[in-house]
Amino acid sequence: MNKYDVIVVGAGPAGSASAKLLAASGVSVLMLDAEAFPRRKPCGESLNPGAVAAIGRITGHLQAEEAFDFPHSLVQGWRVISGRTSLEAAYPGGQYGAGCSREQLDQWLAGQACRAGAVFEQRTRVERLIWEGERVAGVIARSPEGRPMSLRASMVAGSDGLRSVVARNAKVNRYGPLRKAAFTTRLNGVRGLNGRVELFTAGDGKVIGLAPIGGGLANMTVALGSTEAAALAGKDRSGYVLKEARAVPELLERLRDAEVEGDVLACGPFDRPVVPHDIPGMVLLGDAAGYYDPLTGQGIYRALRSAELAAPAIVEALQRRSTEPISRYNRTRHEEFAPGTRIQHVIERISRQPLLWRAALRFIGTSSLLTNKLAEVVGDCPKEANTCIPVMKSP
Ligand SMILES: Cc1cc2nc3c(=O)[nH]c(=O)nc-3n(C[C@H](O)[C@H](O)[C@H](O)COP(=O)(O)OP(=O)(O)OC[C@H]3O[C@@H](n4cnc5c(N)ncnc54)[C@H](O)[C@@H]3O)c2cc1C
């Protein structure tokens, strides 16, 4: 008999949220992560209102005092700047997102999973799946001491991110075009941060994102073409990101006293489509289930939402010994995310054509209806405003 019902591979938002929901439903869960927590993750570190609301639902911290008891900033909306054109939007209905460090958020979420009863093994890298015919029956992982381990379970949940070993081993993901790479870092001493995510877009694909993450820090992420990024290999990344940002007229003054804190993380490319699949014993969540581009900042929401959709399906699949609930989950997830992904494609393509991009920003800015709608869609704003938003203690 298997020791665990489910092995969750990867303890990012998708993994921890699903482990928490499964363990709370009485499922025995082993969650594995290759890294030692807390660990950094290349990310703009802004949760949109949909993600904040999902955390409230998943952790049950609708009113709880301990929710978000680490440094964070509330985010009321966003601003996109391209040359002299800018578009600003507030999330509708007073909804808000949050900025916070990923190591603290992910550690906190993993803690929620453990408190619900999941077992969490860190520094344990999954190398491949165990197959029994067409069925996934577990994983081969490497222990922190480097020992290979064969771990079996009725279900393997692949939530191991953009470069998912689970999806790759099941041959369901592929590489999209090498469009972009990004450098992400933290800055102290940034002036003029006021509760919004700012995107400075050159219109040629280069984007500088700035977001307050609490504790006096801002996340700065510079996205650029893959070739340009590759040319920076071995060079001074801290110097590069600051130089790029200070080349934007508005940022020159605001970053005058800014300093890079910690390492500059590089990552990319991002386009990782996953083909439709139904593989007994395996389910994919979060980025592992498919990813396109970070520009609209919806990845954490999708990771959490996929966990919310997958967890009941996994419970039902285990109870009924049937693959049908997982097929249904795959369809539901696709139907729910596909319209947003199409919008992401349109935004990302237009953002690479300066004249069209600025014209689009100006056009949307002429109508508060259009601006609000865009804020609502990109913010994955819940329909019932504010009903599920967790209390966020001032740090
Ligand atoms: C540059 C950039 C900026 C972004 N900015 C934002 C933003 O501002 N807002 C937003 O909402 N989204 C943003 N995103 C997207 C967001 O980071 C992801 O969508 C989100 O982290 C996905 O969560 P996940 O749980 O699916 O995967 P991840 O958060 O990537 O977690 C995967 C986990 O799996 C572990 N793992 C990987 N391989 C193995 C293995 N073989 N064995 C065991 N463990 C393994 C990793 O260590 C990691 O802990 C950004 C992404 C990028 C690249």
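Within segment 181-212, the set of residues being more than 9 Å from the ligand (Cβ to nearest atom), of a type outside the set (A, V, I, L, M) and assigned to a strand (DSSP E or B) comprises T185, R186, N188, R196, E198, F200, T201, P212. So which of R342, R302, R333, R320 is within 23 Å of V274 (Cβ to Cβ), without any contact (Cβ under 8 Å) to a residue 12 or more places away in the chain and either within 14 Å of the ligand (Cβ to nearest atom) or open to solvent by 50 Å² or more (accessible area, probe 1.4 Å) (or both)? Going through R342, R302, R333, R320 in turn, just one is within 23 Å of V274 (Cβ to Cβ), without any contact (Cβ under 8 Å) to a residue 12 or more places away in the chain and either within 14 Å of the ligand (Cβ to nearest atom) or open to solvent by 50 Å² or more (accessible area, probe 1.4 Å) (or both): R342.
Summed over segment 216-225, residues that are among the small types (G, A, S), surrounded by 17 or more Cβ atoms within 10 Å (Cβ to Cβ) and away from the ligand (no atom under 11 Å from the Cβ) total 2. The set of residues in segment 120-139 being within 14 Å of R152 (Cβ to Cβ) and away from the ligand (no atom under 16 Å from the Cβ) consists of W131, E132, R135, A137.
Counting the residues of segment 7-27 that are under 16 Å from the mean Cα position of the chain (by Cα) and either farther than 20 Å from V136 by Cα or near the ligand (Cβ under 6 Å from one of its atoms) (or both) gives 9.
Among the residues that make up segment 281-296, is at least one of them away from the ligand (no atom under 16 Å from the Cβ), open to solvent by less than 30 Å² (accessible area, probe 1.4 Å) and touching a residue at least 60 places away in the same chain (Cβ under 8 Å)? Looking through segment 281-296, at least one residue is away from the ligand (no atom under 16 Å from the Cβ), open to solvent by less than 30 Å² (accessible area, probe 1.4 Å) and touching a residue at least 60 places away in the same chain (Cβ under 8 Å).
Would you mind stating whether S82 is hydroxyl-bearing (S, T, Y), under 28 Å from G214 (Cα atoms) and modelled with pLDDT under 95? So S82 fits the description; yes.
Filtering L47, L87, L30 for residues that are among the hydrophobic types (A, V, I, L, M, F, W, C), in contact (Cβ under 8 Å) with a residue 60 or more places away in the chain and within 11 Å of the ligand (Cβ to nearest atom) leaves a single hit, L47.
The values are calculated or read from the model by the stated rules, or taken from the named source; none is laboratory data. In this text, all values refer to a predicted model and were calculated from it rather than measured experimentally. Glycine also receives a Cβ, built like all others from the backbone with ideal geometry; neighbour counts cover every protein chain displayed. Ligands, DNA and RNA are stripped out before the accessible areas are found, and what is left, the full protein with its side chains, is counted by its heavy atoms. Shrake-Rupley method; radii C 1.70, N 1.55, O 1.52, S 1.80 Å.
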